[in-house]
Amino acid sequence: MQVLAVHYHLKPGGVTRILENTARANRAAGEPIDFAVLTGPPAKNDIIGRCACIPELAYTTEDSAAVDGDCLYQALMRGARDLFGSLPDIWHIHNHSLGKNSGMAGAVRRLIGDGRKVLLQMHDFAEDGRPENYKLIQDNLESLEDLYPLADQVSYAVINGRDFRFLDEAGFPNNHLHFLPNPVADPGPLNSDSGLEDFLPCRELFLYPVRALRRKNLGECLLLNMAHPEAAVASTLGPSNPAYQTQFERWKAFSSELGLDVHLGIAQENDFAFEAIVSRADAVISTSIAEGFGLGFIEPWLFGKPLIGRDIPDITQDFKDAGINLDHMYRSIPVPLDLVPQAEQLKVKAKAAVVDAYNAYQTPIYYGAEEEAWTAMTQDDCIDFGRLDEAYQELLLKQLAADDSASFFDTVRSAFFGQTISPERSEQNAQVGRDVFSEAGFFNNLLSIYQSLSKRTIDRVLDHIPPRAVLASFLKPERLNLLRT
């Protein structure tokens with residue numbers, strides 16, 4: 001069976017890791033599929049092996065010309081024939097509906113209309129707080145109704161139970177919808193690095209091993225250090241998106257102003273190896289308020305490190321169902337509204353953000369939606385710290401630094417350290433990660449999807465899922481978070 005995976009790039013990241021895992025597992029299984037990857041630049045990847053580059057697959061940016069669906073379709077045909085000498089049995093296309101390439105949704109619609117067997121795997125959604133991506137799709141697809149085509153020769157895969165539930169509610173038929181959680185590689189023993197001991201001598205270290213994005217909620221790392229100044233807090237990588245660079249630099253400068261022992265972007269700024277930093281850490285933290293798969297909830301246990309921090313129930317329920325115990329993680333850090341500077345303006349800002357979100361998606365807002373959003377953000381005259389945007393987080397941190405906030409810091413310490421994590425829990429979580437989310441298990445799941453798809457008949461007349469049904473699952477007032485506006 002010839003399988004061609006298609007993705008916009010092979011830069012380090014979640015989808016690239018999946019492609020590498022697939023290639024590696026395929027080789028380990030004796031190559032039951034003939035696997036290749038078609039991508040935009042760069043195309044070389046030693047783990048994946050066989051891949052080819054077509055420039056038309058690159059992200060559409062303000063500085064690049066838009067690619068139409070027919071143009072990209074023709075480029076995909078050429079790239080496939082270059083790799084296989086013919087067209088593949090299965091096209092496995094990642095994030096076709098994310099709105100990163102102006103021609104992708106149209107090219108996919110034509111592929112399926114031509115009778116090609118296609119697996120569409122969504123890791124992220126334009127409907128999930130990315131209105132500018134959604135607009136790119138609307139502006140470049142002949143009809144938005146073509147975004148989620150249905151035919152016997154097309155299947156969909158998602159990486160978490162929340163997205164499966166959302167698409168199920170939107171009307172995707174169960175025999176066309178698959179739950180395909182990501183694999184997690186076992187890192188094996190970690191190497192230490194004495195240079196880190198010189199940099200952070202004799203200090204307890206809480207490590208946040210992530211690239212800086214807004215949803216990673218870095219302000220909460222500063223809050224942790226204020227409440228627990230005996231330890232150092234560090235994150236590994238700065239942003240790859242230039243749009244977040246200014247805020248990232250502001251967090252570093254603000255941390256210095258407050259005299260905090262917080263080190264953001266420690267890996268790239270000091271050239272420390274990733275595994276050496278993890279080896280030095282006493283615990284791994286996560287303060288993220290949104291994830292796709294949620295690798296950060298499994299990987300620390302495989303490193304032999306306890307994980308503390310913020311739970312994301314929509315994402316972590318999959319791991320809990322599998323047997324990973326995350327009962328010690330907190331769901332919110334409630335801040336009394338009378339502690340929040342300019343709280344009345346915050347309410348106005350939150351309500352305006354709901355209206356802006358609906359307007360950005362060109363969707364009429366219904367009566368009461370603004371109040372629903374504010375009610376969801378606040379409970380018992382408190383607001384979750386993770387629902388505040390960077391400006392409000394900074395105002396609050398500055399006030400906490402100036403005032404006697406002992407009782408609130410008790411709340412923060414209780415959230416992070418309220419439960420002891422036993423060695424038995426840590427080992428159990430690691431074992432579940434190895435057993436349930438292994439590369440071999442992922443590949444067997446993927447292979448069964450390919451085999452099922454290969455037996456499908458061809459429909460020449462296509463149906464579709466109403467795209468607004470998918471949008472309605474994501475665009476809800478109660479999901480409002482100012483870090484994602």
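The values are calculated or read from the model by the stated rules, or taken from the named source; none is laboratory data. None of these values were measured; they are calculated from a predicted model. Note that each Cβ is placed from the backbone with ideal geometry, even for glycine, and that neighbours are counted across all protein chains shown. These accessible areas exclude ligands, DNA and RNA; they are computed on the full protein's heavy atoms, side chains included. Shrake-Rupley method; radii C 1.70, N 1.55, O 1.52, S 1.80 Å.
Of all residues in segment 270-292, those that are closer than 24 Å to P181 by Cβ and part of a loop (DSSP other than H, G, I, E, B) total 6.
Restricting attention to segment 241-269, the residues that are outside any helix (DSSP H, G or I) and over 17 Å from F199 (Cα atoms) total 2.
If you check every pair at least six apart or on different chains, which have Cβ atoms under 6 Å apart with a residue in segment 312-339 that is closer than 21 Å to G161 by Cα first and a residue that is open to solvent by 50 Å² or more (accessible area, probe 1.4 Å) and modelled with pLDDT of 95 or more second? Filtered contacts from segment 312-339: A322/V436. Within segment 117-143, the set of residues being of a type in the set (D, E, K, R) and out of contact with any Lys or Arg (no Cβ under 9 Å at 6 or more places or on another chain) comprises E127, R130, E132, K135, D139.
Among the listed residues Y156, Y148, identify the single one that is of a type outside the set (A, V, I, L, M) and either touching a residue at least 60 places away in the same chain (Cβ under 8 Å) or in contact with a Cys (Cβ under 7 Å, 6 or more places away or on another chain) (or both). Give the steps one after another, and end with the answer.
Details: Y156 fails: either touching a residue at least 60 places away in the same chain (Cβ under 8 Å) or in contact with a Cys (Cβ under 7 Å, 6 or more places away or on another chain) (or both).
Among Y156, Y148, only Y148 is of a type outside the set (A, V, I, L, M) and either touching a residue at least 60 places away in the same chain (Cβ under 8 Å) or in contact with a Cys (Cβ under 7 Å, 6 or more places away or on another chain) (or both).
Take the residues of segment 1-57 that are polar (S, T, N, Q) and part of a strand (DSSP E or B): which is most open to solvent (accessible area, probe 1.4 Å)?
We begin by selecting, within segment 1-57, every residue polar (S, T, N, Q); these are 2, 16, 21-22, 26, 39, 45.
Filter once more, so that each one left must be part of a strand (DSSP E or B): 2, 39.
On the way: Q2: 45, T39: 0 Å².
This residue is Q2.
Residues in segment 399-423 that are open to solvent by 50 Å² or more (accessible area, probe 1.4 Å) and touching a helix residue (DSSP H, G or I) at 6+ places or on another chain (Cβ under 6 Å): R413 alone. Taking segment 463-484 as the range and being in contact (Cβ under 8 Å) with a residue 24 or more places away in the chain and either farther than 19 Å from Q362 by Cα or in a loop (DSSP other than H, G, I, E, B) (or both) as the test, the residues that pass are D463, H464, I465, P466, L475, L480, N481, L482, L483. Considering only residues that are of a type in the set (S, T, N, Q) and over 30 Å from A29 (Cα atoms), look in segment 444-485 and name the one that is most open to solvent (accessible area, probe 1.4 Å). Out of the qualifying residues, it is T485.
Restricting attention to segment 362-376, does a residue exist that is open to solvent by 40 Å² or more (accessible area, probe 1.4 Å), more than 30 Å from Q138 (Cα to Cα) and over 28 Å from the mean Cα position of the chain (by Cα)?
First pass over segment 362-376, keeping only residues open to solvent by 40 Å² or more (accessible area, probe 1.4 Å): 362, 364-367, 370-372, 375.
Now restrict to residues that are more than 30 Å from Q138 (Cα to Cα): 375.
This time we only want the ones that are over 28 Å from the mean Cα position of the chain (by Cα), so: none.
Taking every residue of segment 362-376 in turn, none turns out to be open to solvent by 40 Å² or more (accessible area, probe 1.4 Å), more than 30 Å from Q138 (Cα to Cα) and over 28 Å from the mean Cα position of the chain (by Cα).
Restricting attention to segment 80-107, the residues that are part of a helix (DSSP H, G or I) and either touching a Pro at 6+ places or on another chain (Cβ under 8 Å) or polar (S, T, N, Q) (or both) add up to 1.
Considering segment 60-79, the residues that are small (G, A, S) and assigned to a helix (DSSP H, G or I) include one that is farthest from A36 (Cα to Cα), namely G69.
Among the residues of segment 222-240, those identified as touching a helix residue (DSSP H, G or I) at 6+ places or on another chain (Cβ under 8 Å) and assigned to a loop (DSSP other than H, G, I, E, B) are H228, G238, P239.
Can you pull out every residue in segment 433-459 that is of a type in the set (F, W, Y) and not in a loop (DSSP other than H, G, I, E, B)? If you could, list the steps in order and put the result at the bottom.
Taking segment 433-459 first, the residues of a type in the set (F, W, Y) are 437, 442-443, 450.
Of everything in segment 433-459, those that are of a type in the set (F, W, Y) and not in a loop (DSSP other than H, G, I, E, B) turn out to be F442, F443, Y450.
Within segment 22-52, take every residue that is of a type outside the set (A, V, I, L, M) and closer than 15 Å to I449 by Cβ and give me the one that is farthest from the chain's Cα centre (by Cα). Among them, the one singled out is P32. For I324, the conditions (1) surrounded by fewer than 21 Cβ atoms within 10 Å (Cβ to Cβ); (2) hydrophobic (A, V, I, L, M, F, W, C); (3) at pLDDT 95 or above; (4) farther than 30 Å from A472 by Cβ are fulfilled apart from (1).
Checking the condition modelled with pLDDT of 95 or more and aliphatic (A, V, I, L, M), which residue from L237, L200, L213, L207 passes?
On the way: L237 fails: modelled with pLDDT of 95 or more; L200 fails: modelled with pLDDT of 95 or more; L213 fails: modelled with pLDDT of 95 or more.
Exactly one of L237, L200, L213, L207 is modelled with pLDDT of 95 or more and aliphatic (A, V, I, L, M), namely L207.
Tell me whether segment 67-89 contains one or more residues that are β-branched (V, I, T), touching a residue at least 12 places away in the same chain (Cβ under 8 Å), in contact with a Cys (Cβ under 6 Å, 6 or more places away or on another chain) and buried (at least 17 other Cβ atoms within 10 Å of the Cβ). First the steps, then the outcome.
Looking only at segment 67-89, we keep the residues that are β-branched (V, I, T), and these are 67.
Subset that is touching a residue at least 12 places away in the same chain (Cβ under 8 Å): 67.
Among the residues that remain, those that are also in contact with a Cys (Cβ under 6 Å, 6 or more places away or on another chain) are: none.
Taking every residue of segment 67-89 in turn, none turns out to be β-branched (V, I, T), touching a residue at least 12 places away in the same chain (Cβ under 8 Å), in contact with a Cys (Cβ under 6 Å, 6 or more places away or on another chain) and buried (at least 17 other Cβ atoms within 10 Å of the Cβ).
Based on what the data block shows, is S426 among the hydroxyl-bearing types (S, T, Y), surrounded by fewer than 16 Cβ atoms within 10 Å (Cβ to Cβ) and either in contact (Cβ under 8 Å) with a residue 40 or more places away in the chain or part of a helix (DSSP H, G or I) (or both)? No: the conditions fail for S426. Being closer than 21 Å to G219 by Cβ and within 14 Å of the chain's Cα centre (by Cα) is the filter here, so list the residues in segment 277-312 that pass it. Answer for segment 277-312, where residues must be closer than 21 Å to G219 by Cβ and within 14 Å of the chain's Cα centre (by Cα): S286, T287, S288, I289, A290, E291, G294, G296, F297, I312.
All of A231, A212 fail the test of being touching a strand residue (DSSP E or B) at 6+ places or on another chain (Cβ under 7 Å), surrounded by fewer than 21 Cβ atoms within 10 Å (Cβ to Cβ) and of a type outside the set (D, E), apart from A231. Just one residue in the set G40, G13, G69, G49 is among the small types (G, A, S) and farther than 25 Å from N140 by Cβ; that residue is G49. For segment 297-309, name all the residues that are open to solvent by less than 10 Å² (accessible area, probe 1.4 Å), in contact (Cβ under 8 Å) with a residue 60 or more places away in the chain and within 24 Å of F164 (Cα to Cα). Within segment 297-309, I298 is the sole residue that qualifies. Would you say L260 is open to solvent by 10 Å² or more (accessible area, probe 1.4 Å), among the aliphatic types (A, V, I, L, M) and within 19 Å of the chain's Cα centre (by Cα)? No: the conditions fail for L260.
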